[in-house]
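Q: A single structure is presented below for examination.
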């Protein structure tokens, strides 16, 4: 049949996927996590700078993947550093993805149960969303890419409309003075920001599915660029409305923003339900992708069918999601995931260097 | 022929049963043996040609078809000669006046004139030669040499003519088909469009297409489907439609193995990709204009004899929210109306579930004033909002179904009684709240705004799923249900084309004809999703 698009994703799809995967928990927590470190209203500068740092890492990752056409990192890691070390690295990556999925499903369930379904047990929420997640993941990368394309415009439109409503309590003074305490606090904010941008590492796997892998760098740049805008708007609006001091005391500052004003005269008075809706959609895209990446990694490392690893990993993820007993432990889990992530980035860069030299070696040989 | 594999076994079984039955004396024995001739006849005849003895030919034919009450055999001499002629035809299917005026009369005339001079030469001449010289309606005439061909032709509705001394028969096309005039289709009315629709006769429909598209690239390939040998035509533009697509359509049609296709809905269900999906994956239309414009986009059309509904593949969901009217009206109002339809589709799918979610889970999220007025009207209602919504939704679906099958005048009464009287009474009795009536009516009206009936049904069906999810998990449930539908939506393909196109994958060119409709002169390229052979819409070919 008209198979031109089968098993391959287009460049816009890759960019959209990168954005969709990046945007997740950060919409609700980033204003707090970054302002906690920065301590001044300059957190938005950190968001931009963090995004740029991430762009550089993203380019490195895209470059690495382009060296091995049609191979995911799980496959070429074994080529670069040998079977044993490669498998070990794959394991680290899989664990990172699994912990991320568990963490995000838990956060989703926590938020849902705090604001939407107060009386429903948290397990019900998690199992419900995981079932939907599996339904998408078994379809493979193509339906996922298409779904993200379907959801992103909806997200953008609702996001912008809702944040326009937030202008009602926005005060520019909350963002002043710009760099009143110098540049140092801004630098401190970069580290927590980079964690909110996690998801761009998906380019390590997505490149293998691209119809035009040459454009992987472009896709990852556009994808990260769009998420910088998302996060910038979020941080500016939330800090501008709640002030730097107000933000750090809230667990989910973005929701607090939308609970703290009423726009009468329009159909709705409060708009947090819209934020919930698009946030659930976007976090769904994030952990679905991570789930797929973990399952793909397991199947490519162990040479088994992917459906086995999808269904096999479900209970693992459920267990991870249920480990934290309260919201503080959830954030502790988040910190652990963050450290593993830095490990992943580090190993990737080492891989790039080794691959670079070995490839040079190969070229000179043949 | 494809039937044979599947039907073989049951036939054998039946035959065995018959044999055991036959051992007992049976009053209808003669009759049953005559019936058994029908499947046998094909096996006996294949190499059995016609002889030049008319009476023996007729005898064979009578033996094979004589038990059929509607097969007529008429034998008569050509007036001045001793030549005997016989006609075999099915009663009611053939225009006898035509046969008499244009076949028998010229033949008689021919023989009376030529008798003296060249009789011997004529005797040796083949029948078709005589026919061609005698009457000039040669195009509908064909020469048959075997009994099998003759029998098939008779059942296919042709008149068969046998002549004394000729070892062949003539197949004369004098079909008298009663067809409905080409009326405006009721299911797809337009304000400014042409007032013409397909009817049940295939040849008239194909003729209509040829009339409208005088382009040699318009290609029609003929198929026979089912045991009943229904005619089916696959239509496409040879230099536009993707070859693989055409092949796939033809392959799927060839694979159809069924007794009878009563309507094109059968074909639709037999060639669709995913039978478990609630969404229609083949588009049907009664409108030639719509059919032709989708051919020009690079789609493949299917026409079936006996059904005014033509099919078009591949179908994408946005097609079900479009009407031909969108192109006849100027682009600004058309775009607005399309936007309205997309909105209506969303409302008809999600409004009741969102209402349920807000009323029973998240009262805090609706404006205070509204919350107060809702709770005031719901005070006397004894049911939870889900039950209330289900009562009303089911009632309205039953009303709609009742109104649909009844004669128009009665249908209106049903709508009036059901909608106004019962609705009003239910509110006054305190069984449902007035706001629920508003929600349900809005939903119903929105679902009427979806131009294609089959798409409307699937949304109505999914609405109940949304209500269920919303009753269980509130707004979170609605979002989950939205995700489930969206996932199914992006997974689904119709003949290799993702069902969600052009919403995804992004192809900016295709967005010109999606939620908005660009001005016609701007839509100068064919939809990219169909991978057409030529991409520019234009009259001059390079």
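Q: Stretched out fully, how many nm does the piece from residue B:448 to residue B:155 gain, at 0.36 nm a residue minus the Cα gap?
A: Working: separation 293, 0.36 × 293 = 105.48 nm, distance 4.47 nm.
Once the chain is fully extended between residue B:448 and residue B:155, it gains 101.0 nm.
Q: Just report the Cα centroid separation between the stretch B:428-467 and the stretch B:352-375, whole Å.
A: If you average the Cα positions of each part, the centres end up 18 Å apart.
Q: Let me ask another. Modelling each spin label as a point 7 Å along the Cα-to-Cβ direction, I'd like the residue B:186/residue B:537 distance in nm, to one decimal.
A: The answer from the label model is 3.2 nm.
Q: Does anyone have the angle between helix A:272-302 and the longest principal axis of chain A? Alpha-carbon axes, 0 to 90°, nearest 10?
A: 20 degrees
Q: Can you give me the angle between helix A:83-111 and the longest principal axis of chain A, using Cα atoms only, in degrees from 0 to 90, rounded to the nearest 10?
A: It works out to around 20 degrees.
Q: If you rank B:191, B:85, A:220, B:150 by fewest surrounding Cβ atoms within 10 Å, what's the result? Don't skip to the end; give the middle numbers.
A: On the way: B:191 8, B:85 21, A:220 30, B:150 26.
Placing the least packed residue first, the sequence is B:191, B:85, B:150, A:220.
Q: Just rank B:168, B:353, fewest to most, by other beta-carbon atoms within 10 angstrom.
A: Working: B:168 21, B:353 28.
Placing the least packed residue first, the sequence is B:168, B:353.
Q: Now, a different point. Roughly how many nanometres apart are two label points built 7 Å out from the Cα toward the Cβ at residue B:175 and residue B:336?
A: 4.8 nm
Q: Return the FRET efficiency for the residue pair residue B:370, residue B:145: r is the Cβ-Cβ distance, R0 is 56 Å, and the value is rounded to the nearest 0.05.
A: Details: r = 83 Å, r/R0 = 1.49.
The pair residue B:370/residue B:145 has a calculated efficiency of 0.10.
Q: I'd like the orientation of helix A:43-66 relative to chain A: the angle between its Cα long axis and the longest Cα principal axis, in ° from 0 to 90, rounded to 10.
A: Relative to chain A, helix A:43-66 is tipped by roughly 10 degrees.
Q: May I ask you to derive the FRET efficiency for residue A:92 and residue A:176 from their Cβ-Cβ distance with R0 = 41 Å, giving the value to the nearest 0.05? Don't skip to the answer; put the middle values down first.
A: Numbers: r = 44 Å, r/R0 = 1.06.
Efficiency for this residue pair is about 0.40.
Q: Quick one: length gained pulling residue A:191 to residue A:349 fully straight, 0.36 nm per residue minus the C-alpha distance?
A: Working: separation 158, 0.36 × 158 = 56.88 nm, distance 1.77 nm.
The residue A:191-residue A:349 span can extend by a further 55.1 nm.
Q: So if R0 is 56 Å, what FRET efficiency would residue B:380 and residue A:259 give, r being the distance between their Cβ atoms, rounded to the nearest 0.05? List each step's numbers first, then the result.
A: On the way: r = 32 Å, r/R0 = 0.58.
The formula returns an efficiency of 0.95 here.
Q: Would you order B:526, B:299 from fewest to most other beta-carbon atoms within 10 Å of each residue's own beta-carbon? Show your work: numbers first, answer last.
A: Working: B:526 21, B:299 31.
Fewest-to-most Cβ neighbours within 10 Å comes out as B:526, B:299.
Q: State, to one decimal in nm, how far the label point of residue A:303 lies from the label point of residue B:441, with both points 7 Å from Cα in the Cβ direction.
A: 6.9 nm
Q: Another question, then. Take the alpha-carbon centre of the stretch B:188-203, take the same for the stretch B:247-282, and report the distance between them in whole Å.
A: Their Cα centres are 23 Å away from one another.
Q: Could you give the length gained on full extension between residue B:84 and residue B:274, defined as 0.36 nm per residue of separation minus the Cα-Cα distance, in nm? Intermediate values should be presented prior to the final figure.
A: On the way: separation 190, 0.36 × 190 = 68.40 nm, distance 5.94 nm.
Contour length minus Cα-Cα distance gives 62.5 nm.
Bear in mind these aren't lab numbers, they're just calculated from the coordinates by the rules spelled out. What you are looking at is a predicted structure, and each value in this text was computed from that prediction instead of being measured. Cβ atoms come from the backbone with ideal geometry, glycine included; neighbour counts cover every protein chain shown.
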